[in-house]
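In what follows, a single structure is set out as structure tokens and then discussed.
The values are calculated or read from the model by the stated rules, or taken from the named source; none is laboratory data. This one's a predicted model, so the numbers in the text were calculated from it and none came from an experiment. Cβ: placed from backbone, ideal geometry, glycine included. Neighbour counts: every protein chain shown. Calculation scope for accessible area: heavy atoms of the full protein, side chains included, ligands and nucleic acids excluded. Shrake-Rupley method; radii C 1.70, N 1.55, O 1.52, S 1.80 Å.
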Amino acid sequence: MKARSDKATQFLTVLLKIVIVSGAFYVIYHKLSSDPQLSWNSFRKSLQKLAHPATIFVLFTLTFGNRFLEILKWQNLGSTLRPLSLGESTKQVLAALTAGIFTPNGIGEYAGKAFYFPKKDAGQVVFLNLICNGIQMGLTIVFGTIGLFILGYTPWAWGVIALATALGLIFYFTQKITVKGYSFQLLYTKIHALPTAVHQKNNLLALGRYLIFSHQYYFLFRAFEVHLPYATLMGAIAAVYFMASSLPSFQFLDFAVKGSVALFFFGKLGVNDWTVVFISTLMWLMNVVVPVLIGSYYILIFKPQWTSSSSASDS
């Protein structure tokens with residue numbers, strides 16, 4: 001009976017792998033082939049502007065750096081549960097990214113990483129992932145608000161500050177209220193239970209990743225001959241990243257969401273719509289599609305930690 005159960009589990013695992021990887025490839029293909037805003041002939045001509053070896057090298061370096069710092073962030077946090085090598089962290093981050101491509105705002109990444117740990121640690125893995133993503137979102141909000149001020153969207157910026165203040169007050173006055181054993185105070189305690197050095201490294205890596213990602217955007221605009229002042233261009237990039245990240249979306253729609261928000265902000269600055277669409281497409285290809293393709297391999301070779309742990313205990 002146990003053998004039959006194990007075979008069923010193995011079959012479902014293989015089936016899930018196939019569904020995830022096939023789905024990832026399908027949504028990428030569908031998005032690239034069906035978007036009415038993309039003209040591939042024009043896209044190829046625009047890519048010729050990036051054909052210089054130095055340009056390609058800079059883009060490759062920024063793309064690699066963006067994902068590499070995310071891998072280092074997870075290695076730093078995941079190692080509080082068990083020693084985590086750079087290779088293991090790479091596997092978990094890229095596989096989780098692939099698994100999260102179908103889910104709103106990438107929440108599938110939380111489950112994706114949890115499967116690499118014993119079942120008893122699932123809750124802590126989710127918590128650590130919240131810490132990992134939380135600081136990134138915090139930086140996005142801070143720089144995005146500054147960007148709104150730079151662009152002259154002052155009422156919007158003050159609205160963000162007012163909302164953040166209101167949420168902070170709600171957190172403070174309701175921190176002791178318990179719902180099913182959970183409270184804000186418990187969350188606060190768990191956050192501060194992590195070593196200070198872990199938080200400091202996480203914050204530093206998150207800042208580095210934000211700067212790399214935003215300057216990757218900046219470099220592409222310069223490569224496409226958009227000659228706006230540095231502060232204006234970076235302010236618009238920060239505002240786009242913030243506003244797009246605040247909207248409910250799926251990873252495979254990330255390009256469309258960021259593209260539409262970018263069209264609004266950069267259109268006001270006189271940037272050609274096609275340029276904005278092309279850059280949004282390139283950012284999606286470099287920062288989502290390429291990692292998902294690599295992550296698909298890790299999904300296919302994945303061996304569930306939960307299954308192996310339970311099998312070992314049964315034997």
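Placing one equal scatterer on every Cα of segment 208-249 and applying the Debye formula, the log10 ratio I(q)/I(0) at q = 0.29, 0.32 Å⁻¹ is -1.03, -1.12. Both radii come from the Cα set of segment 57-202: Rg as radius of gyration, Rh as Kirkwood radius; their ratio Rg/Rh reads 1.01. About its Cα centre, segment 74-230 has a charge dipole of approximately 480 debye under the convention of +1 per Lys or Arg Cβ and -1 per Asp or Glu Cβ, with nothing else charged. The eigenvalues of the Cα gyration tensor, multiplied by 5 and square-rooted, give segment 86-164 an equivalent ellipsoid with semi-axes of 33, 13, 11 Å from largest to smallest. Rounded to the nearest 0.05, the FRET efficiency derived from the C-beta distance between ILE107 and TRP274 at R0 = 30 Å is 0.35. Excluding ligands, DNA and RNA, the accessible surface per residue across segment 171-239 is 59 Å² with a 1.4 Å probe.
Close amide H pairs (under 5 Å, H built 1.01 Å from N) link THR103 with GLY108, GLN251, residues at least 5 positions away or on another chain.
Could you calculate the FRET efficiency of LEU285 with THR178 from 1/(1 + (r/R0)^6), where r is the beta carbon distance between them and R0 is 45 Å, rounded to 0.05? Result of the calculation: an efficiency of 0.45. When all protein chains stay in place and ligands, DNA and RNA are ignored, the 1.4 Å accessible-area order of LYS190, LYS73, largest first, is LYS190, LYS73. For segment 62-164, which whole percent of the accessible surface, found with a 1.4 angstrom probe, sits on carbon and sulfur atoms? Exposed carbon and sulfur together represent 75 percent of the surface. Were the residues from SER85 through LEU300 laid out at 0.36 nm apart, the gain over their Cα-Cα distance would be 75.4 nm.
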